[in-house]
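The values are calculated or read from the model by the stated rules, or taken from the named source; none is laboratory data. This one's a predicted model, so the numbers in the text were calculated from it and none came from an experiment. Cβ: placed from backbone, ideal geometry, glycine included. Neighbour counts: every protein chain shown.
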Amino acid sequence: MGFFGKKGSSGFSSSSTAEEVTEGIDGNGLTAIVTGASSGIGTETARVLALRGVHVVMAVRNVDSGNKVREEILKEIPSAKVEVMELDLSSMSSVREFASKYKSSGFPLNILINNAGIMASPYMLSKDNIELQFATNYLSHFLLTNLLLDNMKNTARESNREGRIVNLSSSAHRHPFPGGIRFDSINDEAGYGSIKAYGQSKLATLLHANELARRFKEEGLNITANSLHPGGIHTNLFRYHTILSGFASTVGRFMFKTVPQGAATTCYVALNPQVDGVSGKYFEDCNISKSSAYGQDADLAKKLWEFSLPLTSP
């Protein structure tokens, strides 16, 4: 993170906020899904997109919390177009149900923001018996994206406007297990490390965006896919680590971004015209950055895609 707020080529920096990086942008006529929009940077992302006129669909696990956020957004922005739909990323049946309901709604889809996630949790399995961080942070978003791709293709074609997929990765992608992805031992409890498992899931999220970008280019689609590191933000992601949470609360104002700053790169990549036509890139502080060697491995991205297909089959 650009600790002292030095601006990059985009004109923005680590201290830029989501409102600043979208100032003057007209999002009317666009529809976006934001997963995990009921807390943290997901909430701020939904609010700022709605502020710019985007029709926002908040995909949330807790509908009551989502509705409270929606009411707060509408109180601030009475003209906002905001929906709340249930999505539990620890369950692929929930992902399929969400996608089915979304298709039935008739809503177009211009922007898909795969934001939701958990960080460094103890070893647990998802409802589909897959290691929880890999399932929640990556695999369910992989399935969700695949299920909604036809919607995005149709919207891009009919509206003649670029579709954008935005995957929230993390600088933690630089610290996965040896080899990057443990294809042969995703569920290995004995070799589990919560931080490395988090890094693996965020590397997978980055590789997913890269492989999507490659496929979109090959198909000649007017859709881009990018990944990003939002920066260090003290949110409920720290709930599994009391020491880290206490440290963040104590010195966070000196070392961590605020939530409006944390949502900036997401909103920049999702909405700013500077990103038109940019695909398969990794962003930090609203500027293109360089990912790890694993993050640039096209063969690893293809292998991950093929590995993920049977895991997400009905």
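A few points about this structure:
- Here the stretch 187-223 is the region considered, the condition is being touching a residue at least 40 places away in the same chain (Cβ under 8 Å) and touching a His at 6+ places or on another chain (Cβ under 8 Å), and the residue that is surrounded by the most Cβ atoms within 10 Å (Cβ to Cβ) is Leu203.
- Residue in the stretch 121-138 that is modelled with pLDDT of 95 or more, farther than 21 Å from Leu300 by Cα, β-branched (Val, Ile, Thr) and within 15 Å of the chain's Cα centre (by Cα) present: no
- Screening Asn187 on (1) touching an Asp or Glu at 6+ places or on another chain (Cβ under 7 Å); (2) more than 17 Å from Leu304 (Cα to Cα) shows it passes everything except condition (2).
- Taking residues in the stretch 290-314 that are assigned to a loop (DSSP other than H, G, I, E, B), and partners anywhere that are at pLDDT below 95, not one pair has Cβ atoms closer than 9 Å while being at least 6 places apart or on different chains.
- Selection status of Gly66, of a type in the set (Gly, Ala, Ser) and either surrounded by fewer than 23 Cβ atoms within 10 Å (Cβ to Cβ) or in a helix (DSSP H, G or I) (or both): yes
- Summed over the stretch 175-186, residues that are surrounded by 16 or more Cβ atoms within 10 Å (Cβ to Cβ) and not aliphatic (A, V, I, L, M) total 5.
- Some residue of the stretch 191-201 being under 22 Å from the mean Cα position of the chain (by Cα) and part of a loop (DSSP other than H, G, I, E, B): no
- Any chance His55 is farther than 14 Å from Ser38 by Cα, surrounded by 23 or more Cβ atoms within 10 Å (Cβ to Cβ) and either touching a strand residue (DSSP E or B) at 6+ places or on another chain (Cβ under 7 Å) or among the small types (Gly, Ala, Ser) (or both): no
- Of all residues in the stretch 70-93 being in contact with a strand residue (DSSP E or B) (Cβ under 7 Å, 6 or more places away or on another chain) and in a helix (DSSP H, G or I), the one that is nearest to Ser201 (Cα to Cα): Arg70
- Per the conditions (1) touching a residue at least 40 places away in the same chain (Cβ under 8 Å); (2) among the hydrophobic types (A, V, I, L, M, F, W, C); (3) under 27 Å from Glu158 (Cα atoms); (4) part of a helix (DSSP H, G or I), the sole criterion not satisfied by Ile41 is (3).
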